[in-house]
Amino acid sequence: MELDGKHVVVTGAARGIGAALARRFHQAGAQVVVADREGLAGTVDELAGSIGVIADIGTEAGNIELIRAAEEAFGPIDLFFANAGVGTGGDPMTPDDAWNTAFDINVHSHRWAARHLLPGWLARGEGYFCSTASAAGLLAQIGSAPYSLTKHAAVAFAEWMSITYGDQGVRVSCLCPQGVNTAMLNGSDADPNGLASNLGGNVVRLAGVVLEPDDVATVVHEAIRAEQFLILPHPEVAEYMRRKAADPDRWLAGMRKLQRRVLGD
């Protein structure tokens, strides 16, 4: 898909990957709607002609409100980028509210958005759904069961969407980066529930090469132009996937060794 003149919605766009995606799509000529729970003024001010929508996409009502506001501003949505995500939670003993938040934002927001986008897309015979999952959704996230589970589910939902609707004009991509220089990775005050805070800062040691959000956005733009399903800004993730598939027991043993080395367990 060429984005010039297209209507694009990006969630989680106040900062990090979401803000970088919005900038890149805007540069490509798209009409951009950015959404987040707060803090959108900077992104909107930077992108002339864009609009910002304060929305809680962790609820179905928030997704409905976002889609309605976007359509009122620019008409039918061409590309919906479900980018918002949280890294909260640790193990099965983590309180249920943290588990529920992870599922609501990392997974259910995708299906809620799809529920209200698909009728129009199928009627038109075209539409594009892209989600931000994680390399953790293809591999695993040491130290955070909610993050690992929900990101696997996000990848699975994107795959299902592509299989089910790909022959009806709906294109699907899934972004799966490793480390990106964001508040979630670094555990800054902007994201006190991010992965770093839950893992005592060790997530940075697990991240591999840390990319800048703008670098990720450039890779994403090219992948969307090519209508490529799996977007891997860190190409080494493909090799890790091959190793996991070739010998799961060896891969798991290696992950346990990595956990001991990094977390000291």
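General observations
- Going through (1) part of a helix (DSSP H, G or I); (2) farther than 18 Å from S109 by Cβ one by one, L21 falls short only on (2).
- Filter pass, D104 being outside any strand (DSSP E or B) and either free of Cβ contacts under 8 Å to residues at least 24 places away in the same chain or over 21 Å from I17 (Cα atoms) (or both): no
- Within this structure, A245 fails the test of being closer than 30 Å to D78 by Cβ and either exposed (fewer than 12 other Cβ atoms within 10 Å of the Cβ) or modelled with pLDDT of 95 or more (or both).
- Considering the stretch 4-13, the residues that are in contact with a strand residue (DSSP E or B) (Cβ under 7 Å, 6 or more places away or on another chain) and more than 7 Å from A35 (Cα to Cα) include one that is surrounded by the most Cβ atoms within 10 Å (Cβ to Cβ), namely V9.
- Hits in the stretch 96-136 - residues which are hydroxyl-bearing (S, T, Y) and over 15 Å from N83 (Cβ atoms): T101
- Which listed residue is surrounded by fewer than 17 Cβ atoms within 10 Å (Cβ to Cβ) and of a type outside the set (A, V, I, L, M, F, W, C), from G120, G58, G89: G120
- For beta carbons closer than 8 Å, sequence separation of 6+ or different chains, a first residue in the stretch 125-146 that is more than 15 Å from I105 (Cα to Cα) and a second that is acidic (D, E) and in a strand (DSSP E or B), there are no qualifying pairs.
- Selection within the stretch 46-65 - under 12 Å from A14 (Cβ atoms) and either more than 20 Å from the chain's Cα centre (by Cα) or not in a loop (DSSP other than H, G, I, E, B) (or both): E46, G52, V53, I54
- Residue in the stretch 210-229 that is at pLDDT 90 or above, polar (S, T, N, Q) and assigned to a helix (DSSP H, G or I) present: yes
The values are calculated or read from the model by the stated rules, or taken from the named source; none is laboratory data. Quick caveat, the model's predicted, so the values are computed rather than measured. Note that we place each Cβ from the backbone using ideal geometry, even for glycine, and neighbour counts take in every protein chain shown.
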